[in-house]
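Visitor: The structure under discussion is supplied below as structure tokens; questions concerning it will follow.
Just so you know, all these numbers are worked out from the coordinates, no wet-lab data involved. Everything numeric in this text was worked out from a predicted model, so none of it was measured. Positions of Cβ are backbone-derived with ideal geometry, glycine not excepted, and every protein chain shown enters the neighbour counts.
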């Protein structure tokens with residue numbers, strides 16, 4: 001083997017270009033035309049290929065160096081390769097004619113071009129992350145070697161965020177993007193047969209100072225689940241107002257009794273108790289649709305989840321076997337589960353088995369909102385802040401100040417009809433307006 005210097009070839013009308021990537025290491029075995037380094041000018045980036053087969057003996061440049069035509073890249077130990085079809089030159093025999101020797105040597109013809117059918121079969125499939133529409137305005141900033149790597153994996157570089165200087169995309173960025181796509185929660189058909197238009201990739205630093213903060217693991221998981229639930233289940237939301245004037249008076253009168261048992265009696269405990277009563281009256285709300293969509297699974301147990309706000313994001317603990325508990329028992333479970341959630345000590349089984357979910361924002365504010373169903377459940381109740389409102393009393397023919405609680409019931413329209421949705425909220429309002437009914 002002989003040693004040979006590797007030099008920068010003619011790179012066009014550039015005084016110098018930046019080395020942005022070194023693709024080989026000392027000791028690597030390389031082949032002819034294999035990319036060694038990637039250089040970048042103000043207009044484009046290009047790979048510098050290997051001039052011959054061999055082994056990298058030395059590398060004289062690093063990322064960030066400026067090079068030009070003739071600059072030394074490194075040293076290559078060149079492999080001696082015997083070309084096929086060649087042998088040692090022989091003098092022509094005396095009886096051989098010059099014409100006979102010329103007939104032996106000939107120039108091989110070029111291979112015929114591939115037929116259109118075969119060429120079409122080699123076309124790249126729709127890349128990962130690409131839908132019918134792509135962001136044609138975005139130009140991915142990547143070297144040819146990275147582009148080739150992305151093509152081999154079927155990745156659309158316009159969806160990949162670069163981590164190098166000037167947002168340049170590296171091979172590691174493509175690998176991270178593919179891993180992220182493969183780890184997203186998926187169902188058999190993701191609940192849809194169409195691909196939405198991708199979100200635009202905007203450089204917000206053009207408009208002012210920004211700060212990038214990674215999402216917590218809980219937010220990533222809940223975000224993916226919420227998106228699946230919203231796309232899978234056709235949502236309808238029924239709004240209503242419940243008169244909780246008498247219920248609130250009763251709740252306050254029972255606070256001392258609850259404190260003796262180590263519980264804080266909140267409105268949510270009464271809402272859970274009333275919801276179970278409504279679930280018994282309308283069993284389709286206490287069900288789940290089978291994965292194939294052909295059957296309805298009706299449940300004979302009553303477990304209610306409640307949305308709990310934590311510093312890391314939203315979690316949904318589940319209060320179980322509510323039909324066996326009174327309101328103070330439910331309040332005790334709510335307190336224990338909420339404390340565990342905020343301390344990050346919830347066990348997986350304490351967030352499973354829910355039949356129905358309540359999301360209460362009454363302690364924060366708002367009038368009404370549209371909660372997203374916690375699939376495979378078929379309904380969720382949203383509760384906003386109660387307020388004093390004038391309500392007409394037919395018996396006295398006058399308006400009275402009553403404490404009204406806004407309710408927002410979202411349900412899966414594949415399982416629940418609009419009429420049953422209205423009946424469910426009317427039943428809830430009736431239960432909450434007369435606390436005696438909760439004892440039945």
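Visitor: Just rank 282, 302, fewest to most, by other beta-carbon atoms within 10 angstrom.
Guide: Numbers: 282 16, 302 21.
Exposure proxy ranking, most exposed first: 282, 302.
Visitor: For the pair residue 171 and residue 261, how long in nm is the line joining their label points, each one 7 Å along Cα→Cβ?
Guide: 6.5
Visitor: For the pair residue 230/residue 345, report the inter-label distance in nm, with labels modelled 7 Å from Cα in the Cβ direction.
Guide: 3.5
Visitor: Based on other C-beta atoms within 10 Å, arrange 173, 309, 398 from fewest to most.
Guide: On the way: 173 21, 309 16, 398 9.
Ascending Cβ contact count within 10 Å gives the list 398, 309, 173.
Visitor: Compute the length gained on full extension between residue 309 and residue 368: take 0.36 nm times their separation in residues and subtract their Cα-Cα distance, giving the result in nm to one decimal.
Guide: Using 0.36 nm per residue and subtracting the Cα-Cα distance, I get 19.4 nm.
Visitor: With the radius of gyration and the Kirkwood radius both derived from the Cα set of segment 395-440, what is their ratio Rg to Rh? The partial results should precede the final answer.
Guide: On the way: Rg = 14.1 Å, Rh = 12.9 Å.
Rg/Rh for segment 395-440 comes to 1.09.
Visitor: Rounded if a/c is under 1.5, else prolate if a/b is larger than b/c, else oblate: which is segment 10-78, with a ≥ b ≥ c the root eigenvalues of its Cα gyration tensor?
Guide: Details: a/c = 2.01, a/b = 1.79, b/c = 1.13.
Prolate, since a/c reaches 1.5 and a/b exceeds b/c.
Visitor: Same structure, new question: How do 222-230, 345-353 rank on mean C-beta neighbours within 10 Å, highest first? The partial results should precede the final answer.
Guide: Numbers: 222-230: 15.9, 345-353: 12.8.
In decreasing order of mean packing, 222-230, 345-353 become 222-230, 345-353.
Visitor: Taking a point 7 angstrom from the Cα of residue 385 along the C-beta vector, which residues in segment 336-371 have backbone N less than 17 Å away?
Guide: Hits in segment 336-371 for residue 385 at 17 Å: 360-370.
Visitor: Among 147, 437, which comes first, second and so on when ranked by fewest other beta-carbon atoms within 10 Å? Mind dumping the intermediate values first?
Guide: On the way: 147 17, 437 13.
Least crowded to most crowded, the residues run 437, 147.
Visitor: At a 10 angstrom cut-off on C-beta neighbours, averaged per residue, how do the peptides 401-412, 58-69 rank from highest to lowest? If you can, show how the numbers build up before the last one.
Guide: Details: 401-412: 21.1, 58-69: 14.2.
Packing proxy ranking, top to bottom: 401-412, 58-69.
Visitor: Further question on the same structure: With the cut-off at 1.5 for a/c, could you classify segment 219-439 from its C-alpha gyration tensor as rounded, prolate or oblate? Walk me through the numbers before you get to the answer.
Guide: Details: a/c = 1.62, a/b = 1.21, b/c = 1.35.
Taking the square roots of the gyration eigenvalues as a ≥ b ≥ c, segment 219-439 is oblate.
Visitor: Write down the percent of antiparallel bridges among all DSSP beta bridges whose residues are both part of segment 245-369, to the nearest 5. It would help to have the intermediate numbers written out before the result.
Guide: Details: 8 of 11 bridges.
Of the beta bridges lying entirely in segment 245-369, close to 75 percent run antiparallel.
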